[in-house]
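For reference, the structure discussed in these notes is given below.
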Amino acid sequence: MGRMGFAPSRKNPRLCSKCFEKAPMGGVEMDVGILFADVRGFTSLAEGKAPDAVAELLNRFYATAVDVLCEHAIIDKLVGDEVMALYLPRVFPGVPAQNMVADAHELLAASGYRERRPWVELGIGLDFGSAYVGNVGSGGVKDFTAIGDVVNTAARLQAAAASGEVVMSRRVYDRAGGEAGGAEARELELKGKSRPEVAMVSRFDR
């Protein structure tokens, strides 16, 4: 933190802001892992709680997600009841797909599934593939993000995940090796997709 010219990135405090927030507009096409984690039943939950209690729960969820996911990823977005993370090859040690699956299960564990008493119920979706990665926007309003079908697919897989489930594409499953052991195949009709997607589903308790 004290090094000359170093400021932590809001995408990941372990990395420098020059790599993301202060980088110029533009990007590159590259393979990237996408993780979406979403609070299940949030609309009903928010309806039955005071706004400050909802904010407290979301802040706890965000803090937990950042603590777990920033070991191997950058946080793309914290939006409403959802977190999106990017797994960039060669930025962190290890195989991105293996890190994604391990982190997804660790996030469930940190959310209380290990004790079978989750304090927040989550569904998680994972995909890996080619995307445009870089800063997009206009002028001083820009954001480092990923754009492409892989992002849309990860979001749809997350939407298909029940509480405590990690739903991953075969692309992630094939790359993750032993980290994805115990996952079961499930054919899914994903919104906006022309063909069914055969995904692999794992639960924290399997």
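Rule-based calculations on the coordinates, nothing more; no lab input. A quick note: this is a predicted structure, and the numbers were derived from the prediction, not measured. A quick note on method: Cβ atoms are made from the backbone with ideal geometry, for glycine too, and the neighbour counts reach across all protein chains shown.
Applying the selection to the range 174-199, what residues are surrounded by 10 or more Cβ atoms within 10 Å (Cβ to Cβ), under 15 Å from Ala159 (Cα atoms) and in contact (Cβ under 8 Å) with a residue 40 or more places away in the chain?
Lys193, Glu197, Ala199, listed by residue number.
Scan the range 41-62 for residues that are part of a helix (DSSP H, G or I) and touching a residue at least 12 places away in the same chain (Cβ under 8 Å) and report the count.
Number of matching residues: 7.
Filter the range 152-173 down to residues that are more than 23 Å from Val39 (Cβ to Cβ) and either in contact with a helix residue (DSSP H, G or I) (Cβ under 6 Å, 6 or more places away or on another chain) or buried (at least 21 other Cβ atoms within 10 Å of the Cβ) (or both), then give me how many there are.
1
Being out of contact with any Pro (no Cβ under 7 Å at 6 or more places or on another chain) and of a type in the set (Phe, Trp, Tyr) is the filter here, so list the residues in the range 56-92 that pass it.
Answer for the range 56-92, where residues must be out of contact with any Pro (no Cβ under 7 Å at 6 or more places or on another chain) and of a type in the set (Phe, Trp, Tyr): Phe61, Tyr62, Phe92.
Within the range 33-81, take every residue that is of a type in the set (Lys, Arg) and over 12 Å from the mean Cα position of the chain (by Cα) and give me the one that is farthest from Ile147 (Cα to Cα).
The qualifying residue farthest from Ile147 (Cα to Cα) is Lys49.
Out of Glu115, Glu121, Glu106, which single residue is touching a Ser or Thr at 6+ places or on another chain (Cβ under 6 Å) and closer than 30 Å to Thr43 by Cβ?
Being touching a Ser or Thr at 6+ places or on another chain (Cβ under 6 Å) and closer than 30 Å to Thr43 by Cβ holds for just one of Glu115, Glu121, Glu106, which is Glu121.
If Gly41 satisfies all but one of (1) on the phi > 0 side of the Ramachandran plot; (2) touching a Phe, Trp or Tyr at 6+ places or on another chain (Cβ under 9 Å), what's the number of the condition it fails?
Among (1) on the phi > 0 side of the Ramachandran plot; (2) touching a Phe, Trp or Tyr at 6+ places or on another chain (Cβ under 9 Å), Gly41 violates only (2).
So which residues in the range 59-94 are surrounded by 14 or more Cβ atoms within 10 Å (Cβ to Cβ), under 21 Å from Phe204 (Cα atoms) and of a type in the set (A, V, I, L, M, F, W, C), if there are any at all?
Residues satisfying the conditions are Phe61, Ala65, Val66, Val68, Leu69, Cys70, Ala73, Val83, Met84, Ala85.
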